[in-house]
């Protein structure tokens with residue numbers, strides 16, 4: 001077991017896109033971690049001070065082009081990783097970090113529960129982390145909290161669970177333009193479906209959340225089925241980063257159903273759309289007692305993800321080594 005260092009945990013952020021910068025700002029404001037540097041391949045950022053990049057006076061550290069330069073001779077560094085959603089695309093970055101002796105908290109959605117789609121890669125990452133004596137974790141607001149860890153915690157008050165449904169509705173007008181584009185807002189239905197077929201659109205991580213639900217609630221699930229459909233604007237929708245005309249795609253509706261011997265045990269539904277009605281998060285667990293939990297308005301995605309990543313860093317320094325899931329973290333801060 002790794003030992004938690006005294007004082008603040010030094011952290012380095014890899015990837016200074018929108019979410020990476022949110023993570024860096026959350027780290028700069030945390031009393032538990034010390035932001036010491038960042039890594040990004042963008043030549044326009046390399047060499048600049050983090051105070052300048054983040055717009056926060058007094059923040060030390062600079063942006064480096066590689067991990068070794070950012071870490072230097074520091075010990076006990078945790079890497080806060082935010083460069084991609086698909087595990088095969090970021091696996092070498094993760095392996096480089098753990099082989100250098102760094103624990104890693106990543107926003108990579110497929111890392112939240114990689115055993116479903118990438119079992120061999122998951123085993124490789126686990127072996128590397130155990131050999132180095134560090135921990136590796138994928139987390140975020142979804143997957144990582146609302147539709148999985150929160151469900152598992154709520155289920156602790158229940159007897160045997162018969163069925164669980166969890167829904168998350170996000171009005172994309174409250175989110176950045178990049179996310180609105182990511183869920184297909186403004187496209188024709190044909191354009192949307194073509195991008196779904198080529199796996200260029202859709203939320204990554206909903207199946208992983210369903211698998212975490214099954215593990216956290218002790219449910220036997222032998223199959224997962226996922227469906228993605230467009231949300232079509234019934235009228236012109238103004239007020240977003242760009243208008244969405246009636247008849248065009250306003251966003252995405254995505255569902256994962258987990259079954260055991262053909263019987264539905266888990267249903268997760270995610271809607272992210274410009275102008276989505278009644279945004280919020282809801283968890284309903286059919287058990288004794290029944291749990292019906294609602295978060296009005298929903299958990300704010302970008303800021304929550306940044307805080308989840310930063311808050312996980314000190315917990316990893318005291319965790320068992322290897323590839324972990326959010327279910328392995330302590331429930332409180």
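The values are calculated or read from the model by the stated rules, or taken from the named source; none is laboratory data. Just so we're clear, the structure is a prediction, and the values are computed from it rather than from any experiment. Cβ atoms come from the backbone with ideal geometry, glycine included; neighbour counts cover every protein chain shown.
Per-structure values
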quantity: Search result, residues across the range 197-211 that are out of contact with any strand residue (DSSP E or B) (no Cβ under 8 Å at 6 or more places or on another chain), under 27 Å from residue 285 (Cα atoms) and surrounded by fewer than 23 Cβ atoms within 10 Å (Cβ to Cβ); calculated: 204
quantity: Set 238, 230: member being crowded, with 21+ Cβ neighbours inside 10 Å and more than 19 Å from the chain's Cα centre (by Cα); calculated: 230
quantity: In the range 101-121, the residues that are within 20 Å of residue 71 (Cβ to Cβ) and in contact with a strand residue (DSSP E or B) (Cβ under 9 Å, 6 or more places away or on another chain); calculated: 102, 103, 104, 105, 106, 107, 108
quantity: For residue 251: the one exception among (1) surrounded by fewer than 21 Cβ atoms within 10 Å (Cβ to Cβ); (2) in a strand (DSSP E or B); (3) within 21 Å of the chain's Cα centre (by Cα); calculated: (1)
quantity: Selection within the range 279-306 - part of a strand (DSSP E or B) and crowded, with 21+ Cβ neighbours inside 10 Å; calculated: 281, 283, 285
quantity: Flag for residue 309 being within 25 Å of residue 111 (Cα to Cα), at pLDDT 95 or above, outside any loop (DSSP other than H, G, I, E, B) and within 15 Å of the chain's Cα centre (by Cα); calculated: yes
quantity: Filtered residue count, the range 169-195, keeping only those that are touching a strand residue (DSSP E or B) at 6+ places or on another chain (Cβ under 6 Å), assigned to a helix (DSSP H, G or I), crowded, with 16+ Cβ neighbours inside 10 Å and modelled with pLDDT of 95 or more; calculated: 1
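Yes/no per residue for (1) under 27 Å from residue 144 (Cβ atoms); (2) surrounded by fewer than 20 Cβ atoms within 10 Å (Cβ to Cβ); (3) in the same structural domain as residue 113 (by TED's automatic domain parsing):
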residue: 49; (1), (2), (3): no, yes, yes
residue: 58; (1), (2), (3): no, yes, yes
residue: 63; (1), (2), (3): yes, no, yes
residue: 70; (1), (2), (3): yes, no, yes
residue: 73; (1), (2), (3): no, yes, yes
residue: 76; (1), (2), (3): yes, yes, yes
residue: 82; (1), (2), (3): yes, no, yes
residue: 89; (1), (2), (3): yes, yes, yes
residue: 95; (1), (2), (3): yes, yes, yes
